[in-house]
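Colleague: Handing you a structure now.
The values are calculated or read from the model by the stated rules, or taken from the named source; none is laboratory data. Keep in mind it's a predicted model, so treat the numbers as computed, not measured. Neighbour counts run over all protein chains shown; Cβ positions are idealised from the backbone, glycine included. Heads up: the accessible areas ignore ligands, DNA and RNA and are worked out on the full protein's heavy atoms, side chains in. Shrake-Rupley method; radii C 1.70, N 1.55, O 1.52, S 1.80 Å.
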Amino acid sequence: MTLGLGGNALHLGDAVIRILGDASEFNQQLSGIQATMAGTFQGITKLGGTITKTVTLPIVGIGVASVATASNFDQAMRNVNSIAQLSEEQFASFKEEIIDFSFTTRATATDLANAFYDVVSAGLSAAEGMMVVKAASRAAGAGLASAKDVAYLVIQAMRAYGYEASDATKITN
């Protein structure tokens, strides 16, 4: 390895290190790198804003709507229980039954719970009310009506013609 100093360059064998007396070229290159980095960061910031608007906010909105829906359903079922006076175990069972049934009909669980409230408040037991709500919801789906409206009509027919809750399907056919 030879070490020599010639002009403004230091020679270390085959490697040459240039010593700049003027740093302007270095500053120019550094400015170019800074501009490129600033543009990259602006692009990343813009992408972040786009992701927030198109992904994050809709997910948050869905979460808020889900919480509101769950809250509305729970309140509707608590209204039912204010009349039915079910034990917590029975209450949980009917809640689960309403939710499960809502997947088989076009009515939401909250719609079914509201219909259930009307039926129970008409004097039927919770078990009888569930029969009426299920029949009413099936009929409502076929006729593009609400489960609550059809349940009301079923109750009126039961009273007028002496039908039992077990006749709800026959009434709606």
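Colleague: Looking at (1) farther than 21 Å from ASN79 by Cα; (2) open to solvent by less than 40 Å² (accessible area, probe 1.4 Å), which is the only condition ALA136 fails?
Modeller: Answer for ALA136: the failing condition is (1).
Colleague: Would you pick out the residues in region 153-163 that are surrounded by fewer than 17 Cβ atoms within 10 Å (Cβ to Cβ) and either touching a helix residue (DSSP H, G or I) at 6+ places or on another chain (Cβ under 7 Å) or small (Gly, Ala, Ser) (or both)?
Modeller: Step one: list which residues in region 153-163 are surrounded by fewer than 17 Cβ atoms within 10 Å (Cβ to Cβ), which gives 153, 156-157, 159-163.
Within region 153-163, ALA157, ALA160, GLY162, TYR163 qualify.
Colleague: With respect to ALA147, is the statement that it is closer than 18 Å to ARG78 by Cβ, within 26 Å of the chain's Cα centre (by Cα) and buried (at least 18 other Cβ atoms within 10 Å of the Cβ) true?
Modeller: Criteria not met by ALA147.
Colleague: Given the condition open to solvent by 50 Å² or more (accessible area, probe 1.4 Å), at pLDDT 75 or above and not β-branched (Val, Ile, Thr), answer yes or no: does some residue in region 64-72 qualify?
Modeller: yes
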